[in-house]
1. Only residues that are modelled with pLDDT of 65 or more, assigned to a loop (DSSP other than H, G, I, E, B) and within 15 Å of residue 59 (Cβ to Cβ): list them for the stretch 1-28, please.
2. Are any of the residues in the stretch 50-65 at pLDDT 70 or above and in a helix (DSSP H, G or I)?
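The values are calculated or read from the model by the stated rules, or taken from the named source; none is laboratory data. For clarity, every value in this text was computed on a predicted model and none was experimentally measured. Here Cβ is always computed from backbone atoms with ideal geometry, including for glycine, and neighbour counts include all displayed protein chains.
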């Protein structure tokens, strides 16, 4: 569970680096657009896949690990 959460946090934190088209910033309560990005192990993570398991909390961490 901790590994999944950590992977998701890393995934979201790096989402801006993989963005292909600029869009309007999200506001609190907005639904996140679907995305697919590699986690720390190189496995592709899909937001849609996590949403099938239940609610997802997106956390944006700025800093270095």
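1. The answer is 26, 28.
2. yes
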